[in-house]
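What follows is a single structure, written as structure tokens, with notes after it.
The values are calculated or read from the model by the stated rules, or taken from the named source; none is laboratory data. What you see is a predicted model, and the numbers here were worked out from it, not measured in a lab. Every residue, glycine as well, gets a Cβ built from its backbone with ideal geometry; the counts of neighbours run over all protein chains shown.
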Amino acid sequence: MISYARQTQEEQPETPSPPAEEHIAPAPRVSVQAFCETVETAAAVQSAGEDRRLGKAHLKIQMGGMAAAIEAYRSAPTPNVIVLESDGRNDLLTGLDHLATVCDAGTRVVVIGRINDVTLYRELVRRGVSDYVLGPVGAIDVVRSICNLFSAPEAKAVGRIIAVVGAKGGVGSSTVSHNVAWAIARDLAMDAVVADLDLAFGTAGLDYNQDPPQGIADAVFSPDRVDTAFIDRLLSKCTDHLSLLAAPATLDRVYDFGTDAFDSVFDTLRSTMPCIVLDIPHQWSGWTKRALIGADDILIVAAPDLANLRNTKNLFDLLKAARPNDRPPLYCLNQVGVPKRPEIAAAEFAKAIESQPVVSIPFEPQIFGSAANNGQMIAEISANHKSIEMFLQIAQRLTGRSETKKQKSSFLSPLIEKLRGK
């Protein structure tokens, strides 16, 4: 949690609606989950979710307050923002201490309370609560609180960058990265974007059956224009949670870039998307090295042969030395079991790398070839194929989420649905 909070209403007069000169910056693509105790607060939060400034946020509402939040996150990852309603003092502080034990690092917490007391406010700030809003609240109070979390000068970017690279050309790293991004969006319900960095020969547009007129080249060649609105115009929507920053895949120009050519693109994506998957081409240059070292998590895709073993080992050694405070890269074996091809066993591969592969994906030319030619993911071709679970395992390891997102229902669900309808 971060320690950013507004003044309490004891120190700042209550305003039912923002003054004309007040500017509330829109929130980025984040996940917000609210745990309310009263129907009135749930209605206010639901109304806030319909405000244009929260148009990119994914909002879910559940009744039950603090107790429901603690129970929900015992077995599920926490979102970017948790909104909690509580009308007590001791129960609130005790509950926050319990919540901290199941809360992911970086999650922001907003508390809606009924006690107008500066001592309580200081205790909440000390525990890392991001904002305390005195109830009863209106929709604009909720909008202001959530949006201010991300527009404050000290607020941190929420996006996680995942870099996927092949140890050798032709090992299927693009296919793996696209299917893993699909699993992140579909099974983990995280908003994600795939950035295809192979501008000359990228296949993300083909794999997702997209042919956008603009893409990442427009951003790289116009760095002075790169901002949130510009990047949003370049994104192609694949599903509700998955977007694509496509490569032009044309040869009418030469794609020579400086070391920091993609920095502004990555920084902007970090500020607007919870998860960014970089499909990095198999080449070694200043910008590819910078992208790998700067990523939050890295996946190396390798085939089980000697050249891949050597290259994976070299990548591991370099990245571990360059990122001493990060966890080591992950790797997976792909195209395992090609008929009549001598292969290095997974155990031998792991012994040389001193790390076990996340998964070993079998050689399945029929289904992978059909998916590529049809512009579909494996999950769309065969819902029960064994590789789908492997892609989900990779997604969970890379994002740090051990559980898939599942809708939780309660006896108040019909009431919430009626409120949403209103």
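Is it the case that the stretch 336-352 has a residue that's surrounded by 13 or more Cβ atoms within 10 Å (Cβ to Cβ), of a type in the set (A, V, I, L, M, F, W, C) and under 18 Å from ILE280 (Cα atoms)?
no
For the stretch 201-222, enumerate the residues that are part of a loop (DSSP other than H, G, I, E, B) and within 21 Å of the chain's Cα centre (by Cα).
TYR208, GLY215 - these are the residues of the stretch 201-222 that are part of a loop (DSSP other than H, G, I, E, B) and within 21 Å of the chain's Cα centre (by Cα).
Do the conditions hold for VAL125, that is, is it farther than 30 Å from VAL180 by Cβ, in contact with a Lys or Arg (Cβ under 8 Å, 6 or more places away or on another chain) and among the β-branched types (Val, Ile, Thr)?
no
How many of the residues in the stretch 300-327 are in a helix (DSSP H, G or I) and over 25 Å from the mean Cα position of the chain (by Cα)?
Residues flagged as in a helix (DSSP H, G or I) and over 25 Å from the mean Cα position of the chain (by Cα) within the stretch 300-327 amount to 12.
Could you say whether any residue in the stretch 366-373 is free of Cβ contacts under 8 Å to residues at least 40 places away in the same chain and not in a helix (DSSP H, G or I)?
Checked the stretch 366-373: no residue is free of Cβ contacts under 8 Å to residues at least 40 places away in the same chain and not in a helix (DSSP H, G or I).
Looking at ASP232, ASP198, which one is out of contact with any Cys (no Cβ under 8 Å at 6 or more places or on another chain), in a loop (DSSP other than H, G, I, E, B) and either at pLDDT 90 or above or not assigned by TED's automatic domain parsing to the domain that holds ALA379 (or both)?
That would be ASP198, the only listed residue that is out of contact with any Cys (no Cβ under 8 Å at 6 or more places or on another chain), in a loop (DSSP other than H, G, I, E, B) and either at pLDDT 90 or above or not assigned by TED's automatic domain parsing to the domain that holds ALA379 (or both).
Filter the stretch 41-94 down to residues that are assigned to a helix (DSSP H, G or I) and among the acidic types (Asp, Glu) and give me whichever is modelled with the highest pLDDT.
GLU71
What pairs come up if the first residue lies in the stretch 30-59 and is closer than 11 Å to PRO79 by Cα and assigned by TED's automatic domain parsing to the domain that holds LEU134, the second is among the hydroxyl-bearing types (Ser, Thr, Tyr) and assigned to a strand (DSSP E or B), and their beta carbons are under 6 Å apart, counting only those six or more places apart or on different chains?
HIS58/SER31
Considering only the stretch 355-365, state which residues are out of contact with any Lys or Arg (no Cβ under 6 Å at 6 or more places or on another chain) and either in contact (Cβ under 8 Å) with a residue 24 or more places away in the chain or not assigned by TED's automatic domain parsing to the domain that holds LEU309 (or both).
Once the filter is applied, which keeps residues that are out of contact with any Lys or Arg (no Cβ under 6 Å at 6 or more places or on another chain) and either in contact (Cβ under 8 Å) with a residue 24 or more places away in the chain or not assigned by TED's automatic domain parsing to the domain that holds LEU309 (or both), the stretch 355-365 yields SER355, PRO357, VAL359, SER360, ILE361, PRO362, PHE363.
Run down LEU235, LEU245 and say which single residue is free of Cβ contacts under 8 Å to residues at least 60 places away in the same chain and buried (at least 24 other Cβ atoms within 10 Å of the Cβ).
Among LEU235, LEU245, only LEU245 is free of Cβ contacts under 8 Å to residues at least 60 places away in the same chain and buried (at least 24 other Cβ atoms within 10 Å of the Cβ).
Could you list, in sequence order, the residues of the stretch 191-232 that are of a type in the set (D, E, K, R) and crowded, with 23+ Cβ neighbours inside 10 Å?
Matches in the stretch 191-232: ASP191, ASP196, ASP207.
Looking only at the stretch 299-330, which residues are of a type in the set (A, V, I, L, M), at pLDDT below 95 and buried (at least 16 other Cβ atoms within 10 Å of the Cβ)?
Within the stretch 299-330, just LEU319 meets the criteria.
Here are ALA307, ALA249: which of them is on the phi > 0 side of the Ramachandran plot and in the same structural domain as ALA185 (by TED's automatic domain parsing)?
After ruling out the rest, the residue left standing is ALA249.
Would you please list the contacts, defined by Cβ atoms under 7 Å and residues six or more apart or on different chains, that run from a residue in the stretch 195-215 that is farther than 13 Å from CYS238 by Cβ to a residue that is assigned to a loop (DSSP other than H, G, I, E, B) and among the aromatic types (Phe, Trp, Tyr)?
If the second residue must be assigned to a loop (DSSP other than H, G, I, E, B) and among the aromatic types (Phe, Trp, Tyr), the pairs left are LEU199/TYR255; ALA200/TYR255.
Inspect the stretch 243-255 for any residue being at pLDDT below 95, assigned to a loop (DSSP other than H, G, I, E, B) and under 19 Å from LEU398 (Cβ atoms) and give the result as yes or no.
Checking the stretch 243-255: not a single residue is at pLDDT below 95, assigned to a loop (DSSP other than H, G, I, E, B) and under 19 Å from LEU398 (Cβ atoms).
Output the residues belonging to the stretch 374-396 that are of a type outside the set (Ser, Thr, Tyr), in contact with a helix residue (DSSP H, G or I) (Cβ under 6 Å, 6 or more places away or on another chain) and in a helix (DSSP H, G or I).
If the condition is that a residue be of a type outside the set (Ser, Thr, Tyr), in contact with a helix residue (DSSP H, G or I) (Cβ under 6 Å, 6 or more places away or on another chain) and in a helix (DSSP H, G or I), then ILE378, ALA379, ILE381, ILE388, PHE391, LEU392, ILE394, ALA395 are the ones that fit.
When you scan the stretch 349-364, do you find a residue that is in contact with a His (Cβ under 6 Å, 6 or more places away or on another chain) and part of a helix (DSSP H, G or I), even just one?
No: zero hits.
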